[in-house]
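Note sheet for the following structure.
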Amino acid sequence: MASSQSSTETDWVSRFADDVIAESERRAPGKPVVVASGLSPSGPIHLGNLREVMTPHLVADEIRRRGYTVRHLISWDDYDRYRKVPNGVEGVDDSWQEHIGKPLTSVPAPAGSAYPNWAEHFKAAMVQALEELGVEYDPISQTEQYTAGTYREQVLHAMKHRADIDAVLDRYRTKKDGAAGGKKPQQQKKVDEAELEAAEGSGAADEDDGSSNTAGYFPYKPYCGNCEKDLTVVTSYDDDTTELNYTCSACGFAETVRLNEFNRGKLVWKVDWPMRWAYEGVIFEPSGVDHSSPGSSFVVGGQIVREVFDGVQPIGPMYAFVGISGMAKMSSSKGGVPTPADALKIMEAPLLRWLYARRKPNQSFKIAFDQEIQRLYDEWDSLVRKVADGTVLPADAAAYARAVGTAAGELPGTPRPLPYRTLASVADITAGAEDQTLRILSELDPSSPLTSLDEARPRLDRAENWITTQVPAESRTIVRDEPDKELLGSLDEQGRESLRLLLEGLDSHWSLDGLTTLVYGVPKVMEGLEPDAKPTPELKVAQRSFFALLYRLLVGRDTGPRLPTLLLAVGADRVRTLLGA
Ligand SMILES: [Zn+2]
């Protein structure tokens, strides 16, 4: 293991890495550093939940880069109860209601799924996205852990100390009620729907702390031996024999089991989580802002891990919600909430990593599915140029390095990263026709033409997917088949002259740069200005009306993709036809 090295203090990831290494050396010298995430495959795992993984991933990756061994545990909370049937999931109907209360691994997968159960089905998409994102981790299935009796000692220990646990919970129950009393009910209700949705996707959002009945408080719940649901009530427990009696309020089944050999149940969430911190020796585990309130599972867990499990609460920053801008209604097949896989269809993994790396966990941000993605890519390309020419700021350089690769190496990139907005425009106009796309992309820079579309991939594929899945039909560009004779016939002398100048210059300006000069230059010539003249307000008006004329003649609307790209995409012959040559 590398010797402890002082941080370069360049960004939030480095600072957390410093703290986590120091804490790990103090608590478990010479042992691998353990960081953790928890995900509940209770339905499609939303893009918002990716921060639960990316925050510890980036810190773990920094620690690996410093030469330490790190375990990033991703705990699949697949032994959690099935809480509700999510809306709009393909292959699922109301009949899934009957499984509510069962462990997620005991619920059938949606119809047509290749996976054996509900949890495995929704895990699979996330596993694939994490692979593409370069996230290295140790998966832990809580179903496997519990049903194998892995936590036997911890379960028995928690049952033995149930009064202590109840006392801790009680402190917060009182505080929580007191705090809530000061709030207006209306304020409490005013929670963003999307945030609730996001919280639903995380097992950590379940604030279940078990409940007391006449027999006392029990931090453990069996799943029913008859109907598999967790609607069970523990009616007695004997510490010496570990004999436990329960009845099921769903089906009426009752049985006596011995907890020292019984494996079909789990600790309630508020006890389960701190138990695992202690069991795994977790040094770093962030959680969503919904955990910051008094009485939340993170706060209560801190007391329980210390007082009951003789452990230490991990360093656990709260992370802010990640929003989505402009996800078209098109993904309603997934309940309208995008998944990491949806994001990776329209953007490359390094760009998505960058969004998380450049913002501190407590800063919220949005992931763009709308037009904003083009500006985001421009910003990314500008960062790449600054990195190349050495003008990049240290914090930006750090975020860049975390985005393009991990301690294991570089992530796949695009050899010729042409501007995303150009690729999107080309995809828009060609509707994905490969020969046409290659012709246009080769003409962008004739001095160094593209020889194969593969050079522009995978960015080209992402831009094509964005156009086809996120841009609404009414915003798509449709190049006219026939010239607009009526409009052409109505042009005055000046209008005809401007088109003539453009057509005359087409051949000698047939590249992205050349056509840019040409389309801005024609109005200058018309105004009697030099081609390199500085724009005046009058000139800007003239340029705008000239551009609007070209859009009308080429695509039948007042706006469209950038004109140089559009002209290249339409092709010189068709441009001549449509402009009345
Ligand atoms: Zn039952």
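For the stretch 9-20, residues that are open to solvent by 10 Å² or more (accessible area, probe 1.4 Å) and at pLDDT 95 or above total 5.
Set side by side, the residues S211, S287 differ, and just one is at pLDDT below 95, touching a strand residue (DSSP E or B) at 6+ places or on another chain (Cβ under 9 Å) and open to solvent by less than 40 Å² (accessible area, probe 1.4 Å), which is S287. Out of curiosity, is P415 surrounded by fewer than 18 Cβ atoms within 10 Å (Cβ to Cβ) and under 26 Å from the mean Cα position of the chain (by Cα)? In short, yes.
Answer yes if at least one residue in the stretch 374-383 is basic (K, R), at pLDDT 95 or above and surrounded by 22 or more Cβ atoms within 10 Å (Cβ to Cβ), and no otherwise. No, the conditions are met nowhere in the stretch 374-383. Residue count for the stretch 131-158 satisfying the condition of being surrounded by fewer than 20 Cβ atoms within 10 Å (Cβ to Cβ), over 33 Å from the mean Cα position of the chain (by Cα) and either in contact (Cβ under 8 Å) with a residue 60 or more places away in the chain or closer than 25 Å to P56 by Cα (or both): 5. N263 passes every criterion in (1) within 16 Å of the ligand (Cβ to nearest atom); (2) open to solvent by 40 Å² or more (accessible area, probe 1.4 Å); (3) in contact with a helix residue (DSSP H, G or I) (Cβ under 8 Å, 6 or more places away or on another chain) apart from (1). Within the stretch 473-500, residues that are more than 29 Å from K524 (Cβ to Cβ) sit with their Cβ atoms under 7 Å from residues that are surrounded by 14 or more Cβ atoms within 10 Å (Cβ to Cβ), at 6+ positions apart or across chains, in these pairs: R476/D428; I478/V555.
When each of T430, T451, T406 is tested for being buried (at least 18 other Cβ atoms within 10 Å of the Cβ), at pLDDT below 95 and on the phi < 0 side of the Ramachandran plot, the lone residue that passes is T430. Restricting S490, S475 to those that are of a type in the set (S, T, Y), open to solvent by 10 Å² or more (accessible area, probe 1.4 Å), more than 15 Å from T565 (Cβ to Cβ) and at pLDDT below 95 reduces the list to S475.
Just give me the residues in the stretch 357-374 being part of a loop (DSSP other than H, G, I, E, B), in contact (Cβ under 8 Å) with a residue 60 or more places away in the chain and over 25 Å from P56 (Cβ atoms), in sequence order. Matches in the stretch 357-374: F369, D370. Looking across L506, L553, L512, L563, one residue alone is farther than 30 Å from E372 by Cβ and of a type outside the set (S, T, Y). It is L506. Considering only residues in the stretch 521-532 that are under 47 Å from the mean Cα position of the chain (by Cα) and surrounded by fewer than 18 Cβ atoms within 10 Å (Cβ to Cβ), the one that is farthest from A548 (Cα to Cα) turns out to be D532. Filtering the stretch 297-310 to residues that are small (G, A, S) and surrounded by fewer than 22 Cβ atoms within 10 Å (Cβ to Cβ) leaves only G302. Residues in the stretch 225-260 that are away from the ligand (no atom under 16 Å from the Cβ), in contact (Cβ under 8 Å) with a residue 40 or more places away in the chain and either among the polar types (S, T, N, Q) or in contact with a Ser or Thr (Cβ under 9 Å, 6 or more places away or on another chain) (or both): T242, L259, N260.
The values are calculated or read from the model by the stated rules, or taken from the named source; none is laboratory data. Keep in mind that this is a model prediction, so the values were computed, not measured. Quick reminder, even Gly has a Cβ in these numbers, built from the backbone with ideal geometry, and neighbours come from all protein chains shown. Just the protein is used for accessible areas: all its heavy atoms, side chains included, with ligands, DNA and RNA removed. Shrake-Rupley method; radii C 1.70, N 1.55, O 1.52, S 1.80 Å.
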